[in-house]
Each structure stands twice: as C-alpha cells, then as structure tokens.
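The values are calculated or read from the model by the stated rules, or taken from the named source; none is laboratory data. Because the structure is predicted, anything quoted here is derived from the model rather than measured. All Cβ positions, even for glycine, are placed from backbone atoms using ideal geometry, and neighbour counts span all protein chains on display.
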Amino acid sequence: MTDQINARRRRILGTTIASVGALQLGLSDFAFAQGAKPVRASSTAGFADIRQIDAGTLNVGYAEAGPANGPVVILLHGWPYDISSFAEVTPLLTAQGYRVIVPYLRGYGSTRFLSADAPRNGQQAVVAVDIVALMDALKIEKATLGAFDWGARTANIIAALWPERVKSMVSVSGYLIGSQKANQAPLPPKAEFAWWYQFYFATERGQAGYEANRHDFNKLIWQLASPKWNFDDATYERSAKSFDNPDHVAVVIHNYRWRLGLAQGEPQYDALEQRLAAAPTIGVPTITMEGDANGAPHPDPAAYAKKFTGKYKHRNVSGGIGHNLPQEAPKAFAEAVIEADRM
C-alpha cells in the first residue's frame, strides 16, 4: 500500500444534486438525496479508491471494499482521526464476505458541503443524519456500525433514533450520547483537566490556534489519547491530510462549542436533540470496547452497561491499547464486528 495519494481527487463532472425525499422521523422531517450514483474519485493509503456521492447536505467521500452483495458494515472515525483508522480492519472484514463502507465525516478528507452557504455545523445530531443520508444515497437499508470517538457517538444516535437501520453495533467507549444541559454540570477537577482542548476551542484564540497549528495540535492529541501507541510519522501523515479539508476547523470548533452551549445548532435538529437529551436506551445487539491505555476522557463501562437493553457484551482490550482502538488493535475490533453481526 502506498503512503501517498496516487492521484488528485477528480472533479466530479456532469452530476446534479440528487432528487430529494423526506424521511419521516415522527418529530421532524429531513430531506435526503435519493438515487445519486457513486463517483470514483481517487486513492488513499489503505484503500483501493475513494468514491464520492451526494447525500443530504454533503458530497461524501468514502472508501468501499468487499463484495457488493455482502452484508454491510459501516465504519465511522472520530476526531482527530480519519478513515485510515480502519485500513487494517477493512481487509479482515472483506475476507469474511462483508461489504465495508468507510466515510469521511463532515469536515474531513474529500467530504464537502454541497452549498457554500450551509452552516458548518458539528452538533451531534447532524453527523448522525449525515450517515443516514449516506445509507439512503447508497440504498443501504440496514448495516452493522463499527465506530469510535465522534463515530461511536454517531453510531449510538442512529441506533437509538433509527434502530431499524442498524443490524448491530460495535462502540468503543460505549454510550456517548450527550446533551447541552448535561454538559452544564461541572466535573471534578481531574476530569475537567482532561477536557482542556474543549475549553481552548471555546475561545477565539483557540480557534485561531487550531487553524494555524492543526497538524501539530492533532498529533499531540494522538499522543495524549494513546500514550503507549508508538505510531510513526508516516502513519500520522496519512490521516493528517484529511485535516486540510476547508471546513475542518469550523466543524470541529462548532462541535465543541455546541457541547458547552456556546454555539447554537440548526433549528431543524432541535426535536432530535430533545430526544437525545433524554439519554435514550439502545436495543440493537451491541458490543462495547475499551483499550487498557485510553488517555482520552471516557466513561467507565459499568456506568453505561444498562443503556444497552438488547443483546450486549463488553470487551476490554489489553496490550497498551489507547483511544484509536481500531487502528491500534484491528484484529480485536474486526472480531468484535463479526461477533456483533452474529448476535
């Protein structure tokens, strides 16, 4: 596998914004792209090619591997990571006959907003809506979701609000659905200290600092979140290219400011956020995972076990495994996805 992008992302020609259909949510309606065709764009380390498709408010970049008619697994990365977190997981799953989809979240890699005027929103509900829109655009009725960090929160939300779309789930660090109200409660000093970057991002100086230093900033986060993971420069640089996305800083800053109630979300997602603020349970078959050397803030497994009301297992992964569990322990993660699918 080459460590360099083999070709520049080809400009998508002759495409139109796909026809829009409404997904009834009970509390609110959202329009998703219907019938847009995937366009092969370029290649990146670990994947044969990166495709592009219009989905909802985005043109989503995603990797796809495995048989087109295989059971679908969607793998979701977090911050500050990208699809490379699943480069070694993917072939382990395709070898078992799975069709694997690995999208860049909004603000990463080749994913772009379809409108220059669209808010660069990072609130929790909108990222989940993005993935449901992607499933609709790819005509995927149901999938197993495997995820960590922002991706795990996104998978949790989809499983809670649209369980009919989720066959099973693997969620690193367990239950991560939050709310602005819950985040108003102060934490003990040691826990507050672990969220130092959240408070940095709350300031204009922090936003300017992240804009100017995102490469080194995110490398520091990798080191702090996975203190025993001796990743090399080439490994980091493969993911760091994704942070050059023109919307990356705006989406990240909005995400963390929204969590603290310092930024507003879009009104059309208010009903979804109200449902999420109630901390809904998740009934789909689930395996939660945690590395023994996770340096990032994360809940104790005992604190969230009862949030999973369906078939449920938890796995601790030893060996100095940090926050980026799929990339640090790909075999363990792939095995969990396969087991969850069979639960």
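Output the residues belonging to segment 45-99 that are under 19 Å from the mean Cα position of the chain (by Cα), over 26 Å from V252 (Cα atoms) and assigned to a strand (DSSP E or B).
Within segment 45-99, A65, V72, R99 qualify.
Residues in segment 100-130 that are under 14 Å from the mean Cα position of the chain (by Cα) and under 22 Å from K241 (Cβ atoms): how many?
The number of residues fulfilling the criteria is 13.
Scan segment 66-100 residue by residue and report those that are surrounded by fewer than 22 Cβ atoms within 10 Å (Cβ to Cβ) and hydroxyl-bearing (S, T, Y).
Once the filter is applied, which keeps residues that are surrounded by fewer than 22 Cβ atoms within 10 Å (Cβ to Cβ) and hydroxyl-bearing (S, T, Y), segment 66-100 yields only T94.
Of all residues in segment 254-277 being of a type in the set (D, E, K, R) and touching a helix residue (DSSP H, G or I) at 6+ places or on another chain (Cβ under 6 Å), which is farthest from Y197 (Cα to Cα)?
Only one residue fits best here, namely E273.
Any residue in segment 263-280 that's farther than 25 Å from E204 by Cβ: show its pairings with residues that are among the charged types (D, E, K, R) and surrounded by fewer than 17 Cβ atoms within 10 Å (Cβ to Cβ) at Cβ separation under 8 Å, as long as the two are six or more apart or on different chains.
Partner pairs satisfying both residue conditions: A277/K181.
Taking the condition among the aromatic types (F, W, Y) and farther than 21 Å from V337 by Cα, does Y197 pass?
The answer is yes for Y197.
Tally time: how many residues in segment 155-198 are in contact (Cβ under 8 Å) with a residue 12 or more places away in the chain, more than 29 Å from G283 (Cα to Cα) and in a helix (DSSP H, G or I)?
Residues meeting the conditions: 4.
Pick from G206, G178, G174: which is surrounded by 13 or more Cβ atoms within 10 Å (Cβ to Cβ), at positive phi and not aromatic (F, W, Y)?
G174
Against the definition (out of contact with any Asp or Glu (no Cβ under 7 Å at 6 or more places or on another chain), farther than 25 Å from G109 by Cα and crowded, with 16+ Cβ neighbours inside 10 Å), how does L260 come out, yes or no?
Answer is no for this residue.
Restricting attention to segment 101-114, does a residue exist that is crowded, with 23+ Cβ neighbours inside 10 Å, among the aliphatic types (A, V, I, L, M) and assigned to a loop (DSSP other than H, G, I, E, B)?
yes
Can you tell which of R165, R120, R153 is touching an Asp or Glu at 6+ places or on another chain (Cβ under 6 Å) and basic (K, R)?
Just a single option satisfies the conditions, and that option is R120.
So which of E237, E211 is closer than 28 Å to I131 by Cα, surrounded by 15 or more Cβ atoms within 10 Å (Cβ to Cβ) and among the charged types (D, E, K, R)?
It is E237.
Considering segment 111-137 alone, what residues qualify as being out of contact with any helix residue (DSSP H, G or I) (no Cβ under 9 Å at 6 or more places or on another chain) and touching a residue at least 40 places away in the same chain (Cβ under 8 Å)?
Hits for segment 111-137 are R112, F113, L114, S115, A118, A133, L134, D136, A137.
Taking interchain pairs and intrachain pairs at least six residues apart, which have beta carbon atoms under 6 angstrom, with the first residue in segment 222-238 and farther than 17 Å from G78 by Cα and the second surrounded by fewer than 17 Cβ atoms within 10 Å (Cβ to Cβ) and acidic (D, E)?
Filtered contacts from segment 222-238: A234/D3.
Only one residue in L58, L105, L93 is among the aliphatic types (A, V, I, L, M), within 20 Å of V337 (Cβ to Cβ) and in contact with a Ser or Thr (Cβ under 8 Å, 6 or more places away or on another chain), so which one is that?
From the options L58, L105, L93, the qualifying one is L105.
Yes or no, residue by residue, for (1) surrounded by 16 or more Cβ atoms within 10 Å (Cβ to Cβ); (2) at pLDDT 95 or above; (3) touching a Phe, Trp or Tyr at 6+ places or on another chain (Cβ under 9 Å); (4) at positive phi:
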| site | (1), (2), (3), (4) |
| --- | --- |
| D247 | yes, yes, yes, no |
| A250 | yes, yes, no, no |
| I253 | yes, yes, yes, no |
| M289 | yes, yes, yes, no |
| A296 | yes, no, no, no |
| A303 | no, no, yes, no |
| K307 | yes, yes, yes, no |
| R315 | yes, yes, no, no |
| I321 | yes, yes, yes, no |
